[in-house]
Amino acid sequence: MSLTGLFLCTFLVVHLVGNLQLFKHDGGTAFNVYSHFMGTNPIIRTIEWGLVLGFGFHIYEALMLTRRNQAARPQKYVSNHSEQNSEWTSRNMGILGSLILIFLIVHLYNFFWRARFGGLDKIGGTNVETRDYDNLYMAVVSSFHVWWYVLLYVAAQFSLGYHLWHGFGSGFQTLGLNHRKYTPLIKAVGYGFAVVVSAAFAAMPLYFFLFTDGNGQLTSTVSPLVHSLTLALK
């Protein structure tokens, strides 16, 4: 459970860095080139199987741990004040994980399945190198203008943040890396990791839903503000 969880944390970092291409104001060119590379590179495609196995084992272990815990105490305590000796995230990892799993199924179908097995328009245009690439950017823009999908996406990121909040530190502790000198630092890093990763992912659908039109272009009311901020940063 710990090993697969920490492995999946590395995937989140890689996935986030790649998805940050969405914020480039280039009509989706950088994101589509990145997506094409990830979808055609044989090394990446091989690693994908390891990722699938990682998710599968993590979910399987979560179910088995839950069953073993229930079997160990089939009769519940008459009086149980679990909030006094455990964190809310620890007691609700199953609920948080289930919401993430529901989101993951919808997310994979909406993007991964369509990108690998068809259903996406091509970029087109005059650029010979990229015109036959799948236009995954427009699929993202389209999805992030559907209110219920944005709501599901953001809710899943809140769940992911809480899931990581507890899971990151617990993973190191389960592996025996528990020391009164270093554990507080590991927990602090875990909290920061959980907040940054979940907030960055949640910012993507909110950005497109609130500030862009159906083509991914900034709306007229936002463009002057972004232009002013760009000038200020130069």
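Values for this structure:
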{"read-out": "For peptides 121-129, 3-11, sequence by mean Cβ density within 10 Å, most packed first", "value": "3-11, 121-129"}
{"read-out": "Inter-label distance, nm, simple model (7 Å from Cα along the C-beta direction), TYR109/ARG180", "value": "5.2 nm"}
{"read-out": "Extended-chain gain in nm, criterion 0.36 nm per residue less alpha-carbon gap, VAL128 and THR10", "value": "39.0 nm"}
{"read-out": "3J(HN,Hα) from dihedral phi, the stretch 176-182, Karplus parametrisation 6.51/-1.76/1.60, rounded to Hz, x for glycine, proline", "value": "x, 8, 10, 8, 4, 7, 9"}
{"read-out": "Calculated from backbone phi, Karplus (6.51, -1.76, 1.60) coupling profile of the stretch 4-14 in Hz, x at Gly/Pro", "value": "5, x, 5, 4, 5, 5, 5, 4, 4, 5, 4"}
{"read-out": "Note, ³J(HN,Hα) from phi for the stretch 189-201, Karplus 6.51, -1.76, 1.60, rounded to Hz, x at Gly and Pro", "value": "5, x, 4, x, 4, 4, 5, 5, 5, 5, 5, 5, 5"}
{"read-out": "Residues whose placed amide H lies under 5 Å from that of THR212, excluding near-sequence neighbours", "value": "THR219"}
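Every number in this text was worked out from the coordinates using simple rules, so none of it is lab data. All values reported here derive from a predicted model rather than from experimental measurement. Glycine also receives a Cβ, built like all others from the backbone with ideal geometry; neighbour counts cover every protein chain displayed.
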